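So the structure is just underneath, and the comments pick up after that.
The values are calculated or read from the model by the stated rules, or taken from the named source; none is laboratory data. Note that the structure is predicted; figures quoted are calculated from it, not measured. We place every Cβ from the backbone using ideal geometry, glycine too, and count neighbours over all the protein chains shown.
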Amino acid sequence: MNEQDKILSEVTQSDYKYGFVSSFESESIPKGLNEDVIRIISAKKNEPEWMLEFRLNAYRNWLKMTMPTWAHLKIPEINYQDIIYYSAPKQSAKYDSLDEVDPELLETFNKLGIPLDEQKVLAGVAVDAVLDSVSVKTTFRDVLAEKGIIFCSFSEAVQEHPDLVRKYMGSVVPSSDNYFAALNSAVFSDGSFCYIPKGVRCPMELSTYFRINAANTGQFERTLIVAEDDSYVSYLEGCTAPMRDENQLHAAIVEIVAMNNAEVKYSTVQNWYPGDKNGKGGIYNFVTKRGLCQGKGSKISWSQVETGSAVTWKYPSTILLGDNSVSEFYSVAVTNHHQQADTGTKMIHIGKNTKSTIVSKGISAGKSNNSYRGLVKVSKRAEGARNFSQCDSLLLGDKCGAHTFPYIECENNTAILEHEATTSKIGEDQIFYCNQRGISTEDAIGMIVNGYAKEVLNTLPMEFAVEAQKLLQITLEGSVG
Amino acid sequence: MSEHIDSNTMKYKLISLYQQNLQQINEGLPERMNKYRDQAIREFDKQGIPIKGEEKYKYTDLMHAFGRTYGYIFKAPNITVDSKTIFQCAVPDLDTHTLILENGWYDALNNQHAELPEEVVACSIREAAVKYTDLFEKHYNQQVLEHPESVAAFNTAFAQDGMFLYIPDGFVMEKPIQIINLLRGSNPLLVNQRNLILAGKNSQAKVIVCDHTLSQQNFLSNTVTEIFVDEHAVFDFYNIQNQHNQSSQLSSLYIQQMQHSNTLTNTLTLHGGFVRNNVFVKLAEEHAEANVFGLALVDNKQHVDNFTFIDHAVPNCQSNEMYKNILDDEATGAFNGRILVRPDAQKTLAFQSNKNICLTPTARFFTKPQLEIYADDVKCSHGATIGQIDEDALFYLQSRGIGGREARMMLMYAFAYEVIRNIRVPVLTERYGELVEKRLRGELSRCEGCFVHCN
């Protein structure tokens, strides 16, 4: 057994660091999905009639659809009647200060390393903490409100800003878009809503922590970000989930609308429970994320670090509708044990002189499979479109797989599209070079992997970059520094 | 126009055509060839005619090819015409052993002048099925069965004739062998040609395949070629596609390589209304090397789709792949290149590159390179680009007194030359270059060499 094999076997033996269950009470409805369940969810959230209609429409569409099978994934059949579609922490009253919050809930956050109070002071990040489905605590609202920024839970937004929600919800991801989007549109529990008015530059990084808690509860959040003309916002989303034996379903929707010269930066660190080393349990993560560069010169950039989930099916996409709009996609996806990831992006060029950049780095270890699937489409009237795509794969171990499925569709001759992909493993010469300078093999692999992912990690906001690096290390525990 | 028939109706029509003519198809052929037919037609039934949207045929709808009305010839024709009177090769001065097929049927009359070395076996596949039973039994349809493909299965069900070529162990062919398939007739025709080529251990051979249409009818040629390359053999396969724009061409090429073998395939598409090329290469033993190249120059409303699948089944093999397309007018092109590195196929080197130029706003191109890798100690890469002629390079040439049109031509030729220069027959490289240049200048009529002068 050589050094690298030893490290790899250590990797496969490491357990999930964030596996625990908080046992505070939560309020659930019975398992199963039908129109009544949707009505109950809607009623519990005190939603207006149009919202219920939206949900029911989506549900009816969903019934006609079948689960997509084109992804390079092996997904056991999911029994959608065996899932609880709504779960809320029982004490859902609003709090004025942290003292009133359920101490166990606070403890959960502490275990996650996100002490709300400390973050308030030190990081200057407003956290809209979603525990299971209902928003429990929102901080820094006052600071944001002064600038006219609306940052609240989705349910609150439905109550307080129904016009905005109605106008933009479903405008980027229609409820009939795909199987999981339809499911989410029917049963979504909560999520975040963010509205940046014209000309406002959001003074802080907005962030939300999603967390799946009560057993057998699918989490169906919905995020909607609207950036008006000349505004800017950077939005962070991070996830960890407790250890669980049964597979949990997660189907989220993220919609972003960017108007003239607006810029939205959306960063994700995803570290849900990936299942144990035998491939048992873990989260199914089927997410539809899409941004619309509606205005001229608008920009949407996606950065993601994907280390968790048993199965990931996720393609943050951008529709470049406005002339001169720009989109970027930076991704690091790490899979270990029996994890499967089929992730990538779609860049749909419609406006003139639109630009997109795709940088995707996949790292596979153990017996995992990691696929990049990306579409670059240049429509007929997208004069002067420009795309550069790069997808690299790094293999750690000989039982894992790395795959790329890029689709490039060009209907305009003025487009310049480039795509390149490489697959390799860490070179023995690279490790030897580090070794002879007194760096242990383990540290060397850590350095190389972090260096390999650096191009993407650098695009994350500072607070996140640190966490992302940690996550990379934990996921590849034993091999990485 | 029968183009609006849906693919299912067409499928059942073709299956019933098979059932009605089975006796005639089987006639004169041994069981070892006929035994695959029923299974093949079931496969065709299962898969149907691939239509747009299916993953492998994402950008190509085969109903364009199958949706028309064709005639069939189920009885071996009696060829009495000297091929030289009806056809002259567009590649002159090429010193080759020339073998002729007409509508997929082996032309025994004209092929007696091929002057092949005694050791080499060249005959119709009908004859081989009877005469060379061991070789036939061992190799016929084996590779097709590994990759159940609708069009190949269709061919297996209907195939009655084609080319059989056997290069014995240790034999080195000095001159290339040229196989010319002439499509002619007074009615539209569907041709299922079936070729089997075996290159023995340590042998060396080069085969050039040309397809020509001699009459202005709708042709659908559905060709399947299985090539088996044994240990240490070096084998080249050049395919020149030059048919008129009402024709459809489906070509499926299967190559299996044993240890230390080396192959080169080069597909040059000059003309053809609707072209789909499937290339399957299996590197079945260690230290095999496959070079897969292709160049397509398409205009009008032509459609060219190249699909390649390179299977690295064992360690220490290498594959190089390069496909280039130049699209003019309203042409559409597609490329789908799949590379599979199986578990434990360590030390694999697999490189793929796909570059395309769209000359007009109405030309469209779709590309889908695809790597599937299950081994860690490998070096694999792919690159794909779609763009135009570099304006800076154009300016550079113009600033040196070269006219705009000529400069553009030079750059296009240089773009194409990257594929051409990989040809391992020097004289063919030259001829290829000339053909491409003529084609780019619009001087190469699609029926060059044809005496019919129908257009």
Tabulated pairs, region A:144-162, first surrounded by 15 or more Cβ atoms within 10 Å (Cβ to Cβ), second basic (K, R), C-beta under 8 angstrom, 6+ apart or interchain: A:F151/A:R141; A:C152/A:R141; A:F154/A:R222; A:S155/A:K45; A:V158/A:K45
Qualifying residue in region B:419-429 (condition: buried (at least 21 other Cβ atoms within 10 Å of the Cβ), closer than 20 Å to A:E420 by Cα and either at pLDDT 90 or above or among the polar types (S, T, N, Q) (or both)): yes
Selection count where residues are within 9 Å of chain A (Cβ to nearest Cβ) and crowded, with 20+ Cβ neighbours inside 10 Å, scope region B:339-351: 2
All positions within region A:218-248 that are surrounded by 24 or more Cβ atoms within 10 Å (Cβ to Cβ), within 22 Å of A:P76 (Cβ to Cβ) and either of a type in the set (A, V, I, L, M) or modelled with pLDDT under 60 (or both): A:G218, A:A241
Residues that are more than 21 Å from the chain's Cα centre (by Cα) and without any contact (Cβ under 8 Å) to a residue 24 or more places away in the chain, drawn from region B:413-425: B:A414
Residue that is among the hydrophobic types (A, V, I, L, M, F, W, C) and closer than 19 Å to B:I125 by Cα, where the choices are B:F66, B:F74, B:F44: B:F74
Residue count, region A:270-288 (criterion: crowded, with 22+ Cβ neighbours inside 10 Å and closer than 22 Å to A:P68 by Cβ): 11
Odd one out for B:Q217, checked against (1) of a type outside the set (A, V, I, L, M); (2) outside any loop (DSSP other than H, G, I, E, B); (3) over 26 Å from B:K282 (Cβ atoms): (2)
Pick from region B:238-258, criterion at pLDDT 95 or above and over 9 Å from the mean Cα position of the chain (by Cα), ranking: surrounded by the fewest Cβ atoms within 10 Å (Cβ to Cβ): B:M258
B:K438 being within 28 Å of the chain's Cα centre (by Cα), among the basic types (K, R) and within 14 Å of chain A (Cβ to nearest Cβ): no
Those strands (runs of 3 or more DSSP E) lying entirely in region A:330-434 with at least 2 residues more than 9 Å from every other protein chain (Cβ to nearest Cβ): A:340-343, A:346-349, A:355-365, A:369-378, A:386-396
Single unsatisfied condition, A:K377 versus (1) surrounded by fewer than 24 Cβ atoms within 10 Å (Cβ to Cβ); (2) more than 20 Å from B:Y57 (Cα to Cα): (2)
Contacts under 7 angstrom Cβ, first residue in region B:128-153 being closer than 21 Å to B:Y166 by Cβ, partner assigned to a helix (DSSP H, G or I) and among the basic types (K, R), 6 or more apart: B:A129/B:R32; B:T133/B:R32; B:F136/B:R32; B:E137/B:R32
All positions within region A:253-296 that are modelled with pLDDT of 90 or more and assigned to a loop (DSSP other than H, G, I, E, B): A:M259, A:N260, A:N261, A:A262, A:Q294, A:G295, A:K296
Region B:355-412 - residue that is more than 24 Å from the chain's Cα centre (by Cα), within 7 Å of chain A (Cβ to nearest Cβ) and among the hydrophobic types (A, V, I, L, M, F, W, C) and, of those, nearest to B:K301 (Cα to Cα): B:L359
Conditions (1) within 18 Å of B:C358 (Cα to Cα); (2) buried (at least 17 other Cβ atoms within 10 Å of the Cβ): number failed by B:R405: (2)
